[in-house]
1. Mind checking which residues of the stretch 276-295 are farther than 22 Å from residue 150 by Cα and touching a helix residue (DSSP H, G or I) at 6+ places or on another chain (Cβ under 9 Å)?
2. Could you tell me whether the stretch 64-73 includes any residue that is surrounded by 12 or more Cβ atoms within 10 Å (Cβ to Cβ), over 16 Å from residue 125 (Cβ atoms) and among the acidic types (Asp, Glu)?
3. So which residues in the stretch 107-165 are of a type in the set (Lys, Arg) and open to solvent by 70 Å² or more (accessible area, probe 1.4 Å), if there are any at all?
4. Take the conditions surrounded by fewer than 16 Cβ atoms within 10 Å (Cβ to Cβ) and either of a type in the set (A, V, I, L, M) or at positive phi (or both) and apply them to residue 260. Does it pass?
5. Could you identify the single residue in 224, 206, 299 that is open to solvent by less than 60 Å² (accessible area, probe 1.4 Å), within 26 Å of residue 174 (Cα to Cα) and more than 24 Å from the chain's Cα centre (by Cα)?
6. With a cut-off of at least 1 residues that are among the small types (Gly, Ala, Ser) and at pLDDT 85 or above, name the strands (runs of 3 or more DSSP E) lying wholly within the stretch 1-82.
7. Which of (1) touching an Asp or Glu at 6+ places or on another chain (Cβ under 9 Å); (2) surrounded by fewer than 17 Cβ atoms within 10 Å (Cβ to Cβ); (3) part of a helix (DSSP H, G or I) does residue 285 not meet, given it meets every other one?
8. Please state which one of 227, 235 is part of a loop (DSSP other than H, G, I, E, B) and in contact (Cβ under 8 Å) with a residue 24 or more places away in the chain.
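The values are calculated or read from the model by the stated rules, or taken from the named source; none is laboratory data. Values in this document were obtained by computation on a predicted structure and should not be read as measured data. Every residue, glycine as well, gets a Cβ built from its backbone with ideal geometry; the counts of neighbours run over all protein chains shown. Remember, those area values only see protein heavy atoms, side chains included, never the ligands or the DNA or RNA. Shrake-Rupley method; radii C 1.70, N 1.55, O 1.52, S 1.80 Å.
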Amino acid sequence: MSLRYKVLWVDDRIDEFISLNFNKELKDYIDASFFESEIDMCESAEEAKAKLREKKYDVIFSDYNMSEEKGDSFIQDIRSQNINCEILFYSAQEEPPLVQADRISFLRLQSNRAYNELMNKIKSVIDLSLEKINDLTSIRGLVMAEVSDLDVKMTEIIEKYCKASEVNKEDLKNYIIQKTENRTKDSLKASDCEKKCVHVWKNKELLEVVHEQGFESYTKARSLDYIFKKTKFGINPFLTDYNAEIIQNRNFLAHCHSEIKDGKEILITNKGEKQFTNKEFKTIRSNILKYSKMFDEVLKKV
């Protein structure tokens, strides 16, 4: 599961839908739920089958009566590849067949140009698939995967910043070592400890350190905070917001377990119970997308 929501639309009159900006309306609808839409529009079943061999889709929309191939043959081909996403077939030519197939819907259009009827049904199928995504198991997996991607992008920014200048690299390394040592010493409780320890990173190259497991998300974010303050990217504040909107949320979802109470899934944490709403899920996705796009822009400039 990721924030990329992939749509495959198959129709031998697909140019007609494109001319009516159906693809843009669909993109805007998906983007409003804070997913990054990816919409592939094909004019033949053969073209669609080639696409299906290349990538995994979240939903498929298809005319049932294309000139070269009927929908039932297309269904068999899709299911033979173990593709289990939501699928909507539509037709104005005849009644859709009564096929008993999981996660497949059929829409009988009132005319060949029942565009509003079709778009409303398409949106309802998207809503159904997104509702299945909005469970705690899915959202936890999504957050873990997407925040890991943010970690990778932060590492790339740090590397580019360091490679641009030896002075940049040394200054950043000294800052990181100082902050990390201070944090470690503050955690030492023994009264007789002189706290003269030196962090092992002091004797390593920074470009090696940034890939170590101990160089975790907060340290990466703190490094970026330093970089943003030293450059003219105009991203300030960063660390406080990123910690609150990304890191703490990730940690919260990672260090808990879920239970079903009164028919609803809730998270059990050391601070009590927490139930997420669809609005909160949207906020989580919105924040991840915000920082992903921010990091992409910074990578172009650094």
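1. The answer is 276, 278.
2. The answer is yes, given that some residue of the stretch 64-73 is surrounded by 12 or more Cβ atoms within 10 Å (Cβ to Cβ), over 16 Å from residue 125 (Cβ atoms) and among the acidic types (Asp, Glu).
3. Answer for the stretch 107-165, where residues must be of a type in the set (Lys, Arg) and open to solvent by 70 Å² or more (accessible area, probe 1.4 Å): 108, 113, 132, 160, 163.
4. Yes; evaluated as a whole, the condition is true for this residue.
5. So the residue among 224, 206, 299 that is open to solvent by less than 60 Å² (accessible area, probe 1.4 Å), within 26 Å of residue 174 (Cα to Cα) and more than 24 Å from the chain's Cα centre (by Cα) is 206.
6. 36-42, 59-63
7. Residue 285 satisfies every listed condition except (2).
8. 235
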